[in-house]
1. Would you please put 262-274, 407-419, 369-381 in order of how densely packed they are, using the mean number of other Cβ atoms within 10 angstrom per residue and starting with the highest?
2. Tell me which residues come under 5 Å, amide H to amide H, from Ala436 once H is placed; ignore anything under 5 positions away on its chain.
3. Compute and list, largest first, the equivalent-ellipsoid semi-axes of the chain from the alpha carbon gyration tensor, each √(5λ) rounded to a whole angstrom.
4. I want to check the label-to-label distance for Thr280 and Ala180. Put each point 7 Å from Cα in the C-beta direction and report it in nm to one decimal.
5. Taking θ = phi - 60°, what integer Hz values does the Karplus form 6.51 cos²θ - 1.76 cosθ + 1.60 yield along region 146-151, in sequence order, with x for Gly and Pro?
6. Can you sort His312, His392 so the residue with the fewest Cβ neighbours within 10 Å comes first?
7. So, R0 is 56 Å and r is the distance between the beta-carbons of Arg293 and Ala64; what FRET efficiency does that work out to, to 0.05?
8. Count the DSSP beta bridges whose two residues both fall in the chain, then state the antiparallel fraction as a percent rounded to the nearest 5.
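Just so it is clear, none of the values below were taken in a lab; they were calculated from the coordinates. Here the structure is a predicted model, which is why all the values come from computation and not from measurement. Here the Cβ positions follow ideal geometry from the backbone for every residue, glycine too, while neighbour counts run over all protein chains shown.
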Amino acid sequence: MPREFAGTFAGRLEVGGLDVARSARGDVAARVGLVFQDPESQLVMDRVDDDVAFGLENRGWPVASMVPAVSTALTEVRLAGLEQRRPNTLSGGEQQRLALAGVLTADPGLLVLDEPTANLDPAGAAALFARLSAIRGARAATMVIVEHRVDLAWPLADRLLVLGRDGRPIDEGPRDEVVARSGPRLIEAGVWLPAEVEAGIRAANGLAGPHVPAPRRGVAAAARDLSCAAAVSFEWERGRRAVDGVDLAVGAGERVALLGRNGSGKSTLGRLLVGLLRPTAGSVTLAGHDPSRVPPADLARLAGYAFQDPEHQFLRARVRDEVELGLRPDERARVPELMDRLGLPLEGFAARSPYTLSGGEQRRLSLATILVRAPRLLVLDEPTFGQDRANHEALVAILRDRVDAGAALVAATHDLGFAAALLDRSVVLSDGCVVADEPTEGLVRVPERLAAYGLGPLS
């Protein structure tokens, strides 16, 4: 709602016949279900089932109606059995599904989803769009979906609204008409399109194919000694191991993908590698040290960690202050060029608040605060979410340069295209255990093997 945010609002916005700028919050909320890009920001209760019921309680639903509605919603989003869990112990993808369950229980007439698959594994993303397709077929619900995973969203879309980097419309209208009318402009603007749609546009307009980076040979096993995890286990709660007996060695110049379903232990393992968590059992070393005992100022130049939620690591009120926090003079000199490469030039972003940036911009800012220190180990959790094609390619190029200069890269990701383009080695986790450790190229090109690990096909 316009009055909920700082800024200048112009024009008129109606939902269900209501002028949202003039209507009561409750009246608008009764018509709209909104799933934020950051699901954690809309989780408010201490138990999963209570969080799903929260909206219904505020609408005055009787308990006899709420209980089956909550159960049905949790089953549909594949969270059945987690009713008693604390939401803050769920993975990012599980939190995203929980936020969706809380919205779906009340059957809103308008469903707005902001990057709903950003933190979902491929199987979870496919299940989500199957659920949305069922909703679309069962009732006259209007959906507005902001999504970069276009292969899944495309069949669901009747209309497209394509925005340029300046926030102005490039085109709007029926899906196929927009493609026919503005296809080359969409490619030029870096808009993600399904592979077959983009190929058709390029063929019809005589455009060259997209740039595909040359493959890179892996690093010899003998070099795998920068970061080592030996028989590492970690428990968030007694008896529930998020990481279970993992052995992992990563060397300078290696590019490693951590793959697996939501809740498989990828994020937890990443935090263990940089000392943000101490293992319940086993040991972790970084350049020969226990990273959890290295002084923070020294650790920041040994290892950099990007959280799945970028806002978790922001400390300052302005972008420039955020990226320059704690830098030495030689590091501060790198800031302008790095911010330009990340699409956050200081001329336009220095005075902005990190909290007013888009989700994709926040992700790139969080990466800037790490990359500017040139640490020896980069551990990134979902580094590509919310990025258009141009920023995705720029990020791949920057990370390739850093690894070629000797850094090690470990990225927990559901973006198999990113893994195929940059990450030589894939470590697949399931229930906290390593179930595969092999070259990425051989894994992502075999749909049967991806499906066996719940990873889905390479799009």
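1. Packing proxy ranking, top to bottom: 262-274, 407-419, 369-381.
2. Val428
3. Details: eigenvalues 242, 153, 109 Å².
Semi-axes from the Cα gyration tensor: 35, 28, 23 Å.
4. 5.9
5. 9, 7, 9, 7, 6, 4
6. Working: His312 12, His392 21.
Taking fewest neighbouring Cβ atoms as first place, the list is His312, His392.
7. So the FRET efficiency works out to roughly 0.55.
8. Within the chain, antiparallel bridges account for around 50 percent of the total.
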